[in-house]
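The values are calculated or read from the model by the stated rules, or taken from the named source; none is laboratory data. Keep in mind it's a predicted model, so treat the numbers as computed, not measured. A quick note on method: Cβ atoms are made from the backbone with ideal geometry, for glycine too, and the neighbour counts reach across all protein chains shown. Side chains are part of the model used for accessible areas, which takes the heavy atoms of the whole protein and leaves out ligands, DNA and RNA. Shrake-Rupley method; radii C 1.70, N 1.55, O 1.52, S 1.80 Å.
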Amino acid sequence: MSELQRAWARAKMSNLEPYDEFDEEDEEEDSVPELPGQSATDREDDSSSASSASSASSTGTIIPSPSRNLFARPGVPRPGRSLEQIPWTTYFERELFLGRPDMPAGTESGGGGSKNVNVNSSEASTITHHVYLTSPVPPGPLFITHHGAGSSALSFAVLSSEIRKQLPNAGILSLDARGHGLTTITSNLSYTSSDTEKLPVDLSLSTLSNDLIHVVKLAQKEMRWETLPPLILVGHSLGGAVVTDVAMSTRLGTAVLGYAVLDVVEGSAMDALQSMLTYLSARPTGFASLQAGIDWHIRSRTIRNSISARTSVPALLVHEDEDGSAEAVEPSPSRHTHHRPWKWRTDLAATQPFWEGWFTGLSTKFLGARGGKLLLLAGTDRLDTELTIGKYALQVFPEAGHFIHEDLPEKTALTLADFYRRNDRSTLVLPPKVSDLLKQGKRI
């Protein structure tokens with residue numbers, strides 16, 4: 001290159017605007033501020049863990065490592081992205097509050113042990129089930145959805161609208177399990193001075209299954225349906241165990257066409273339970289606002305669909321000043337809890353006695369219950385050996401996280417709609433009865 005060419009190049013480059021190599025770093029610091037006691041190594045771990053995290057509010061298949069942080073820390077929401085809550089009325093036509101006496105059993109068991117409960121009244125408490133409903137148009141089906149532990153009925157909100165796009169006559173009934181969402185239990189028991197502690201919520205599998213059956217029948221009575229519409233049961237994580245147990249019981253009769261289980265199988269779920277407490281201790285104890293909670297779920301890739309996060313996350317949190325049952329956390333300089341009034345609505349650690357009972361025998365029941373069977377997974381590594389030889393429909397979405405129905409609502413809806421069509425009995429053409437042929441004078 002000649003001296004003239006070099007001079008021309010230098011003059012040309014001097015007119016260009018200098019590149020600020022710290023823009024990206026500055027933006028990252030704006031969205032995830034440094035917390036007291038957080039080292040450079042911790043911040044680096046936060047960044048890497050944000051892309052690999054899975055479920056935060058439901059018992060999933062993630063196995064956390066004690067040597068690294070699981071999630072990005074809650075920070076200031078990034079500018080330019082809407083984090084406003086989307087109301088439930090966007091997806092459902094109504095909400096129902098269905099009350100009934102809650103009849104506790106003589107023993108309360110779940111996995112690790114049991115607790116005797118003495119009841120002096122035939123109706124020890126009243127449970128009011130909270131349900132979101134879009135009614136089916138006959139002869140359309142009704143999809144009954146049950147969320148996972150720590151989640152809520154609104155985790156199926158976006159999916160419900162996608163199902164209606166595929167099946168305009170379909171209805172969706174999505175319930176809040178006891179101890180979740182807006183479902184409440186009012187105790188009528190009188191406690192002695194030595195028994196002032198609040199009784200724990202019974203989240204055993206048998207109780208949750210009984211709740212689901214009652215909700216369906218109460219909804220039928222409330223909506224004045226003469227008969228139940230064709231039912232497709234859909235459950236995510238813990239909800240998958242519940243709908244499988246309900247299908248196995250046959251208590252909803254022949255109305256159940258089939259059941260779909262989303263990202264839970266017995267073996268991997270049982271393995272994940274070993275690390276669940278570590279998993280829960282790694283997530284934030286609270287958030288400064290609902291928007292901060294939504295932002296954390298998106299940035300940590302707990303929920304990979306921002307629309308679904310804006311719809312479902314607010315139901316997972318409760319302001320400690322608005323709910324007397326919300327546990328006040330002692331202020332800590334390292335956690336700044338006094339600046340994070342939005343706490344988790346459901347204490348998942350308190351449900352530990354029930355964890356094992358949720359998933360024990362799940363594979364056997366899944367293969368043995370009547371009706372069509374559909375298993376949706378986020379990866380084939382979650383598949384049990386017992387399930388490799390069973391007869392059922394399997395769909396894998398490797399690009400999704402644990403919350404398949406929230407991450408990929410369109411694909412999940414397509415799969416569920418196809419599952420319904422393959423099990424729809426109304427399209428079956430049965431051969432004529434012999435007695436009818438004889439009446440018509442035809443030879444057999």
*Identify all residues within segment 358-370 that are of a type in the set (Gly, Ala, Ser) and open to solvent by less than 30 Å² (accessible area, probe 1.4 Å); write none if there are none.*
361, 363, 369
*asked:* Among the residues that make up segment 305-312, is at least one of them in a loop (DSSP other than H, G, I, E, B) and either open to solvent by less than 40 Å² (accessible area, probe 1.4 Å) or at pLDDT below 95 (or both)?
replied: yes
*Collect the residues in segment 275-289 that are assigned to a helix (DSSP H, G or I) and open to solvent by 30 Å² or more (accessible area, probe 1.4 Å), keeping them in residue-number order.*
277, 278, 281
*Select from segment 419-444 the residues that are out of contact with any Leu (no Cβ under 9 Å at 6 or more places or on another chain) and at pLDDT 95 or above and list them in ascending order.*
422
_I need every pair where a residue in segment 388-404 that is more than 11 Å from residue 376 (Cβ to Cβ) and charged (D, E, K, R) has its Cβ under 8 Å from the Cβ of a residue that is at pLDDT 95 or above and surrounded by 18 or more Cβ atoms within 10 Å (Cβ to Cβ), sequence separation at least 6 or different chains._
391/373; 399/407; 399/408
*asked:* Quick check on my filter: what residues within segment 150-173 are under 14 Å from residue 183 (Cβ atoms) and among the hydrophobic types (A, V, I, L, M, F, W, C)?
replied: 153, 154, 173
*Inside segment 376-411, can you point out the residues that are crowded, with 22+ Cβ neighbours inside 10 Å, not aromatic (Phe, Trp, Tyr) and not in a helix (DSSP H, G or I)?*
376, 377, 378, 400, 401, 402, 408
*So which residues in segment 290-304 are open to solvent by less than 40 Å² (accessible area, probe 1.4 Å), under 24 Å from residue 182 (Cβ atoms) and of a type outside the set (A, V, I, L, M), if there are any at all?*
293, 295, 296, 297, 302
*Does residue 268 satisfy the criteria of being under 23 Å from residue 176 (Cα atoms), touching a residue at least 12 places away in the same chain (Cβ under 8 Å) and among the polar types (S, T, N, Q)?*
no
*Of the residues that sit in segment 174-217 and are modelled with pLDDT under 80 and among the β-branched types (Val, Ile, Thr), which one is least open to solvent (accessible area, probe 1.4 Å)?*
192
